[in-house]
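Student: Next up is a structure, given as structure tokens.
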Amino acid sequence: MVWWQAMILGLVQGLTEFLPVSSSGHLILVREFMGLNDGSSFLLFDVVAHVGTLVAVVIVLYKDILGLFKKPYKNLVMLIVATIPAVIVGFACKDFIEEYFSTAKYLCFFFALTAVLMLVSEIVARCNRNPKELGWGGAVAMGLMQGVGVFPGVSRSGSTIFGGTVVGTDSKKIASFSFLMSLPVICGSLLLSVIDVAQAGALSQIDWFSMAVGALSAFASGYVAVRVMLKLIAKANYKWFSLYLIIVAILTFSFYFI
């Protein structure tokens, strides 16, 4: 993987990590279209890209992050509870996902599922005349849906938005909590990627300049994506993402099955 490929993948990672379109699904697609098959490079790239996106969300949400540690710590406890389903599904299904969903062949079905989730989210949000503050019901619903978002092609942010919306939570509260939920997931993915890199002994084979370019592009695009999505979630404006995902699903299905 050369520097310009790392830059493109970083841009894709940063944007799609926070837009409701599935970062894992898009990275698989882009890698296959670029003919990239170097697994060791991907392991380390996942590390540096996650660092870039992690820094982006911390900068944007630092006030919300600090607020987690103020008494009575309700939001912090809700965040921990909401993270548990993704951890369970991630560990339980890791090998299954790597075996059957490491290629783009079945992504079309998951892209279509995310499109439906986003369309339903907009309809429900616009019909909700009495949005509620974020409570345990919303946190648990968002946590369960984040577990679904572990599968490539299912958007983590999109699934959590759906979970919070269907139980009637206020869109602005969904926005901030959804991105706070990304922090432990990104940190967990970062830790697992570091372990995989260490076990593969891939550090000596890496183009560090390309990795740095990838991290910077992931940070820049991730920062923009978080800013944009905070505004769009507050307005419950998801239909264009749904349309985009339907188009991508159709094209992917046509390429692999027709």
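Student: Counting only complete DSSP H runs, which helices of the chain cover 24 Å or more along their long axis at the Cα atoms and score a mean Kyte-Doolittle of 0.0 or above? Walk me through the numbers on the way to the answer.
Tutor: Details: long enough: 39-60 (32 Å, 2.03); 74-100 (38 Å, 1.19); 107-127 (30 Å, 2.07); 171-200 (43 Å, 1.30); 208-234 (39 Å, 1.45); 239-257 (26 Å, 1.71).
Length and hydropathy pass: 39-60, 74-100, 107-127, 171-200, 208-234, 239-257.
Student: Please give the charge dipole size of the chain, origin at the Cα centre, charges +1 on K and R Cβ atoms and -1 on D and E Cβ atoms. Round to the nearest 20 debye. The partial results should precede the final answer.
Tutor: Working: 17 positive and 13 negative charges, 257 e Å.
The dipole of the chain has a size of about 1240 debye.
Student: For the chain, build the charge dipole from Cβ charges (+1 Lys, Arg; -1 Asp, Glu) around the Cα centre, then report which of L107, L232, S22 sits farthest towards its positive end.
Tutor: With unit charges placed on the Cβ atoms, the residue in question is L232.
Student: Given springs between every Cα pair under 10 Å in a Gaussian network model of the chain, which of I246, I123, I59 has the largest fluctuation?
Tutor: Evaluated over the chain, the most mobile residue of the options is I59.
Student: Can I ask one more? Suppose we take every Cα in segment 8-91 and form the convex hull; what volume per residue is that in Å³? The partial results should precede the final answer.
Tutor: Values: hull volume 9.6 nm³, N = 84.
Normalising the Cα hull of segment 8-91 by residue number yields 115 Å³.
Student: Now for a separate question. Can you pull the percent of Cα pairs in the chain with separation above 33 Å? Could you put the intermediate results ahead of the total?
Tutor: Values: 5141 of 33153 pairs.
Result for the distance tail: 16 percent.
Student: Right, next: How much solvent-accessible surface does Y244 expose, in Å² to the nearest 10, with a 1.4 Å probe and all protein chains in place?
Tutor: Surface accessible to solvent at Y244 totals approximately 100 Å².
Student: Taking 10 °C and 1.306 mPa s as the conditions, I'd like the Stokes-Einstein D for segment 67-145 in µm²/s, using the Kirkwood hydrodynamic radius from alpha carbon pairs. List each step's numbers first, then the result.
Tutor: On the way: Rh = 15.4 Å.
Estimated via Stokes-Einstein, D reaches 103 µm²/s.
Student: Would you please report the Å³ per residue occupied by the convex hull of the alpha carbon atoms in segment 181-258? Please list the in-between numbers first.
Tutor: Values: hull volume 12.2 nm³, N = 78.
Spread over its residues, the Cα hull of segment 181-258 gives 157 Å³ apiece.
Student: Between segment 1-38 and segment 178-201, how far is it from one alpha carbon centroid to the other, in angstrom?
Tutor: 17 Å
Student: If R₀ is 41 angstrom, what is the calculated FRET efficiency for the pair L216 and I97, using the beta carbon separation as r and rounding to 0.05? Each step should come with its number before you reach the end.
Tutor: Numbers: r = 28 Å, r/R0 = 0.69.
Efficiency, rounded to the nearest 0.05: 0.90.
Student: Right, next: Could you estimate the translational diffusion coefficient of segment 111-258 from the Stokes-Einstein equation, with Rh from the Kirkwood formula over C-alpha pairs, at 37 °C and 0.692 mPa s, in whole µm²/s? Mind dumping the intermediate values first?
Tutor: Working: Rh = 17.0 Å.
Stokes-Einstein gives a translational diffusion coefficient of 194 µm²/s.
Student: Moving to a separate point now. Send over a whole-number figure in Å² for the accessible area per residue of segment 117-196, probe 1.4 Å. Intermediate results must be reported in sequence, preceding the final value.
Tutor: On the way: 3040 Å² over 80 residues.
So segment 117-196 comes to 38 Å² accessible per residue, rounded to a whole number.
Student: Leaving out same-chain residues fewer than 8 places away, which aspartates and glutamates sit with a Cα under 14 Å from that of K172?
Tutor: Filter leaves D64, E122, E133.
Student: Here is a further query. Top to bottom by accessible area (1.4 Å), largest first, where do F255, F179 land?
Tutor: Sorted descending by solvent-accessible area, the residues read F255, F179.
Student: Quick one: order L119, L191, L230, L61 from most to least accessible surface, probe 1.4 Å. All intermediate terms of the calculation are to be shown ahead of the outcome.
Tutor: Values: L119 80, L191 110, L230 45, L61 5 Å².
Highest to lowest solvent-accessible surface, that is L191, L119, L230, L61.
Student: Also, I was wondering about something else. State, as an integer percentage, the relative contact order of the chain based on alpha-carbon contacts under 8 Å between residues 6 or more apart. Let's see the in-between values first.
Tutor: Working: 426 pairs, mean separation 103.5, N = 258.
RCO, the chain: 40 percent.
Student: Another question, then. Whenever you get a sec, line up C93, C127, C108, C187 from highest to lowest accessible area (probe 1.4 Å, protein heavy atoms).
Tutor: Numbers: C93 35, C127 95, C108 5, C187 65 Å².
So the residues, ranked largest to smallest area, are C127, C187, C93, C108.
Student: With all protein chains present, how much of the accessible area of the chain (probe radius 1.4 Å) comes from carbon and sulfur, to the nearest whole percent?
Tutor: Details: 8650 of 12250 Å².
Answer for the chain is 71 percent, counting heavy atoms of protein chains only.
Student: Hey, another quick one. Within segment 3-108, list the trypsin sites (Lys or Arg not before Pro) lying in a DSSP loop whose Cβ has at most 10 other Cβ atoms in a 10 Å radius.
Tutor: Values: sites: R31, K63, K70, K74, K94, K105; in loops: K70, K105.
For trypsin sites (Lys or Arg not before Pro) across segment 3-108 that sit outside H, G, I, E and B with at most 10 neighbouring Cβ atoms in 10 Å, the list reads K70.
Student: Next question. Which of the residue pairs K63/K94; K105/K173; K132/K239; K173/K239 have a Cα-Cα distance greater than 31 Å in the structure shown?
Tutor: Too far apart for the 31 Å limit: K63/K94; K105/K173.
Student: What residue among G214, G137, S155 has its Cα farthest toward the positive end of the dipole of the chain, where the charges are +1 on Lys, Arg and -1 on Asp, Glu, each on the Cβ?
Tutor: G137
The values are calculated or read from the model by the stated rules, or taken from the named source; none is laboratory data. Note that the structure is predicted; figures quoted are calculated from it, not measured. Don't worry about glycine lacking a Cβ; one is built from the backbone with ideal geometry, like all the others, and counts go over all protein chains shown. Accessible surface is based on the protein model in full, side chains and every heavy atom, while ligands, DNA and RNA are left aside. Shrake-Rupley method; radii C 1.70, N 1.55, O 1.52, S 1.80 Å.
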